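Single-structure report; data block below.
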Amino acid sequence: MGDYQHILLAVDYSGHDGAVARKAKALARKYQARLSIIHVLDNIPMPDMPYGAVIPLDQDSGYDLLEAEKSQLIQIADEMGVEHASRWLVWGVPHQEIVAAAEREKADLIVLGSHGRHGLALLLGSTANSVLHEANCDVMAVRLQDSESKHFI
Ligand code: AMP
């Protein structure tokens, strides 16, 4: 494993983010690397917005659902001590936008969760699988257990 300089953490706001976040934070500390965080909006309607649009975190949109998504990212990033310029809220398909953000921001390691799917769920694919296949940089898939703690540090 080389020395990582920029680690991108992908959070989906599930109860599992804490385990993934702690791993990313530990790696950032070990390698003295910059730590960025991304959440991809794929669960609320965003009319007239092209995929890949980066949503500013510091402007009130007047759209309650979007403000709730922003607040969650800000809260996680604050708790983890991620600097403001390294927080990304993007509209689109999660695996595509995670890979695109890693390339754009020159991240050399993506950290995300993996549920270890079986059977049909495995055939349908997962964000972790897609990112592993599509990313140009290293990817760490943190195996998630059902009983994870939700704390980020
Ligand atoms: P999944 O394959 O959907 O179970 O998600 C596995 C991991 O991919 C999650 O633990 C997150 O690290 C990441 N992920 C999934 N959806 C998103 C999203 N909308 N935004 C950012 N990361 C995500």
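Residue 96 falls short on exactly one of the conditions (1) surrounded by 13 or more Cβ atoms within 10 Å (Cβ to Cβ); (2) more than 13 Å from the chain's Cα centre (by Cα); (3) assigned to a helix (DSSP H, G or I), and that condition is (2). For the range 3-29, give me each residue that is among the polar types (S, T, N, Q) and in contact with a strand residue (DSSP E or B) (Cβ under 7 Å, 6 or more places away or on another chain). Of everything in the range 3-29, just one residue is among the polar types (S, T, N, Q) and in contact with a strand residue (DSSP E or B) (Cβ under 7 Å, 6 or more places away or on another chain), namely 5. Residues in the range 57-78: is at least one touching a Phe, Trp or Tyr at 6+ places or on another chain (Cβ under 8 Å), more than 18 Å from residue 21 (Cβ to Cβ) and of a type in the set (Ser, Thr, Tyr)? So far as the range 57-78 goes, no, none of its residues is touching a Phe, Trp or Tyr at 6+ places or on another chain (Cβ under 8 Å), more than 18 Å from residue 21 (Cβ to Cβ) and of a type in the set (Ser, Thr, Tyr).
The conditions of being touching a residue at least 40 places away in the same chain (Cβ under 8 Å), among the polar types (S, T, N, Q) and closer than 15 Å to residue 108 by Cα are met by residue 5. Could we say that residue 17 is under 16 Å from residue 88 (Cα atoms), of a type in the set (D, E, K, R), within 16 Å of the ligand (Cβ to nearest atom) and open to solvent by less than 20 Å² (accessible area, probe 1.4 Å) here? Yes; evaluated as a whole, the condition is true for this residue. Anything in the range 25-48 that is more than 21 Å from residue 72 (Cβ to Cβ) and either away from the ligand (no atom under 15 Å from the Cβ) or in contact with a Phe, Trp or Tyr (Cβ under 6 Å, 6 or more places away or on another chain) (or both)? List them, or say none. Matches in the range 25-48: 26, 29, 30, 31, 32, 33, 34, 47, 48. For the range 20-37, the set of residues classified as of a type in the set (Lys, Arg) and surrounded by fewer than 14 Cβ atoms within 10 Å (Cβ to Cβ) consists of 29, 30, listed by residue number.
Restricting attention to the range 49-90, the residues that are open to solvent by 30 Å² or more (accessible area, probe 1.4 Å), more than 25 Å from residue 27 (Cβ to Cβ) and not in a helix (DSSP H, G or I) add up to 10. Annotation note: Cβ proximity below 6 Å between a residue of the range 102-114 that is near the ligand (Cβ under 7 Å from one of its atoms) and a residue that is open to solvent by less than 40 Å² (accessible area, probe 1.4 Å) (sequence gap 6+ or interchain) occurs for 112/10; 112/128; 113/16; 113/20; 113/142; 113/144; 114/128.
All conditions in (1) surrounded by fewer than 20 Cβ atoms within 10 Å (Cβ to Cβ); (2) modelled with pLDDT under 95; (3) more than 8 Å from the ligand (Cβ to nearest atom) hold for residue 152, with the sole exception of (1).
The values are calculated or read from the model by the stated rules, or taken from the named source; none is laboratory data. The shown structure was predicted, so the numbers you read here are calculated from the model rather than taken from an experiment. Glycine also receives a Cβ, built like all others from the backbone with ideal geometry; neighbour counts cover every protein chain displayed. The accessibility values were calculated without ligands, DNA or RNA, using every heavy atom of the protein model including side chains. Shrake-Rupley method; radii C 1.70, N 1.55, O 1.52, S 1.80 Å.
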